[in-house]
Structures are given as structure tokens and as C-alpha cells.
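What follows is a single structure, written as C-alpha cells, with notes after it.
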Amino acid sequence: RHSVSMVASVEVVKPRGQYDEVVVHPLVLLSVVDHFRRVEEDDSEDKRVVGVLLGEYRKGRLDVTSSFAVPFEEDENDASIWFLDHSYLEKMSGMFRRINAKEKVVGWYSTGPKIRTNDVDIHELFTDYHPNPAFVIVDVSPDNVGIPTSAYRLENEIRDDGTQKEEKTFVHVPSSIEAFEAEEIGVEHLLRDVKDNTVSTLATQVAEKITSLQGLEKRLVEIKKYMDLVVDGTLPVNHEIMGLLQDSFNLLPNLNLEDYVKAFAVKTNDMMLVVYLSSLIRSVVALHDLINNKRQMKEAEQAADAAAAAKANPKKEKEGPETGKEDDKENAKK
């Protein structure tokens, strides 16, 4: 995504503790978002937060299982002026080491949302704790679509022509979000509380499709921008990226074939038939509920009228004997 990872004719010197993938666990994401929200409430300025990542290295990948916040300040006008509380970092890492000896300091995180000029200096600070620490940018904005993490590692670049000295730069590392079985149970309970039960399953599926399409559109726009920069000569041609793009395009189906057109038409008709039947069933159920409601209202009115009549009848029965005695007295007088 960054020009530093798209430069050709550069020899990359990989440091020790090399890893090919960074796996971020859900607890880390929750901790980072909580850290950002607390700082945002206390400070009116829109600034990033920085913290420490804990985890372990296993089978060529770096598992980030936990994290904690670190007091951090930086000057917005001068990027070279920044402060990170070393003593707090040492105390917290020691406390976490007592709880779980397997979890060690493997890098640091930032809410970015992009790489800044002073990030290289901050990154070198964590080389005292790990030979090749990871730098993870966590996007706390809910507007963006896709995985909210971007992982990087620091590598030395040496140009073949010798026009420039060796320099350190960030290189993108594939990242993913995974969870252990215990974490999955906790996340499921959390999502169960957050989930809106009023939304139907079909509406949820449609929303997920829309989100996926928005993510695809964002990636295509990013690819187009990169290709435009290559065509203009702003960026050199990276044959590895071109090969990956060609593989992606080769995987696209040929929609001009008659079999594909027929298959898509059949699938679309089947889906529309289901939607049509669902609409008819929903209309019938609504009419059925309306008729039942009218019946219940009519029965309730009849019951109310019968109760009112029952209340009025006892009074007439009481008046009947008294009137009969008066008639007997009048007949006796006659």
C-alpha cells in the first residue's frame, strides 16, 4: 500500500526473528479501541494512541495475543519531538511476564491511521525487547471496510546503484484476525449482546454482501491509483506486484460463455422466485392476522354488550315483585 514496499531494484536485508504473517487476536482489538476511546474523551484533540503488543513467535508467524497502553505524547508541529514512558513500559511488561511467561513484548501498535515520520524512531526503541518487532496500525474508524489492522516490519534497504546509503523503512506484512477457542466463545457472547434481533437473517446477509462489495471497490480503486502512478513514472515497475495482479485477473471467469450466462440467469430466477413467494406468504399472513384481529374485536364487543345487558336484567327482576304487590292492593280496594 505504501511506496516503500513497491520500490524495485532494492536489496532487502532481513533481520533476525523473521516472520511472514502477523495474527492479531480479538482481545487486542478490544483493548486498542478502549484505549483510544478513553483518550478521546479526556482530550478534545484528534490524536493517535500508542501501546505495546504482547505475544509469541510460532511456526513462521507472530501471534499477538494481548496488549497494554503506554503514556505517549508527540508534538504535532515537530515530529522529532515525542515522549514514551519507558519506566511504565518496564513495569507493565514485568507484571504481564509474571502472569504469563510465554507472552513477551513483540512490537507496538498505533491508531495511525497512517505511518508517520517518527515511527521509525519509536520502532527502534522496541528492538531492545524483540530482534524484529512488529508495528501494527489499528483503524478504529468504523467507516472503513475490511480488516482493521495493517502490520509492518522494519527492514534495511540498499540500492543497487549505490546512489543512496542504507536506510531503514517499513515493509508491509500480511495480517489476519484469529482467535483461540476460549476467545471465540467470548466473542460470540459479546456479539450476541450487540446483535440486533429485529433485523432478519436475509437483511443481515444483504448487509454483509454490500460490505464485501464496498471492500472490493476500495481495493480496485487502490490498484488503479497504483497503476496510474506506474504509468506516469512516479513509481517504478514492480514485477512481483504485476504478477499478483495478473494472477488475480486470470482467476476471473469468462462471462461471455453461454453456459455462464444461462447459469447466472437460472440462479437469478430461482432467487427472485423465492423473493416472490416470500412476499406472497407475507401478504397472506398479514391478511390472516387482520381477519383474526377483526374477529377478536367483534367478539370482545359482543362480550361487552352481553355483560352490560346482564347488569341491567337484575334490576328489572327486583322491580317486578314490588309492582305486583301494588296491583294486588289496588284490586283489593276495589
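The values are calculated or read from the model by the stated rules, or taken from the named source; none is laboratory data. Predicted model, so just to flag it, every value in this text is computed and none were measured. Counting neighbours? That spans all protein chains shown, and the Cβs are built from the backbone with ideal geometry, glycine included. Ligands, DNA and RNA are stripped out before the accessible areas are found, and what is left, the full protein with its side chains, is counted by its heavy atoms. Shrake-Rupley method; radii C 1.70, N 1.55, O 1.52, S 1.80 Å.
What are the residues in region 85-126 that are buried (at least 18 other Cβ atoms within 10 Å of the Cβ) and touching a helix residue (DSSP H, G or I) at 6+ places or on another chain (Cβ under 8 Å), if any? Across region 85-126, the qualifying residues are GLU103, VAL105, GLY107, TRP108, TYR109, SER110, THR111.
Could you list, in sequence order, all residues of region 209-220 that are β-branched (Val, Ile, Thr) and either open to solvent by 70 Å² or more (accessible area, probe 1.4 Å) or outside any helix (DSSP H, G or I) (or both)?
Scanning region 209-220 gives a single hit, ILE210.
For region 146-161, what are the residues that are part of a strand (DSSP E or B) and modelled with pLDDT of 75 or more? Residues satisfying the conditions are THR149, SER150, ALA151, TYR152, ARG153, LEU154, GLU155, ASN156. Of all residues in region 228-270, those being open to solvent by less than 60 Å² (accessible area, probe 1.4 Å), under 27 Å from PRO148 (Cβ atoms) and either within 30 Å of the chain's Cα centre (by Cα) or at pLDDT 90 or above (or both) number 2.
Scan (1) in contact (Cβ under 8 Å) with a residue 24 or more places away in the chain; (2) part of a helix (DSSP H, G or I) for the single condition PRO236 breaks and write down its number. Result: PRO236 fails condition (2) only.
Going by the structure shown, is ASN256 farther than 22 Å from HIS172 by Cβ, part of a helix (DSSP H, G or I) and not charged (D, E, K, R)?
On the way: farther than 22 Å from HIS172 by Cβ: yes; part of a helix (DSSP H, G or I): no; not charged (D, E, K, R): yes.
No, not satisfied.
Answer with yes or no whether ILE137 is under 30 Å from SER212 (Cα atoms), modelled with pLDDT of 85 or more and either of a type in the set (A, V, I, L, M) or surrounded by fewer than 20 Cβ atoms within 10 Å (Cβ to Cβ) (or both). Quick ask: steps written out before the conclusion?
Numbers: under 30 Å from SER212 (Cα atoms): yes; modelled with pLDDT of 85 or more: yes; either of a type in the set (A, V, I, L, M) or surrounded by fewer than 20 Cβ atoms within 10 Å (Cβ to Cβ) (or both): yes.
So ILE137 fits the description; yes.
If you scan region 49-78, which residues turn out to be open to solvent by 40 Å² or more (accessible area, probe 1.4 Å) and without any contact (Cβ under 8 Å) to a residue 40 or more places away in the chain? Residues satisfying the conditions are ARG58, LYS59, PRO71, GLU73, ASP75, GLU76, ASN77, ASP78.
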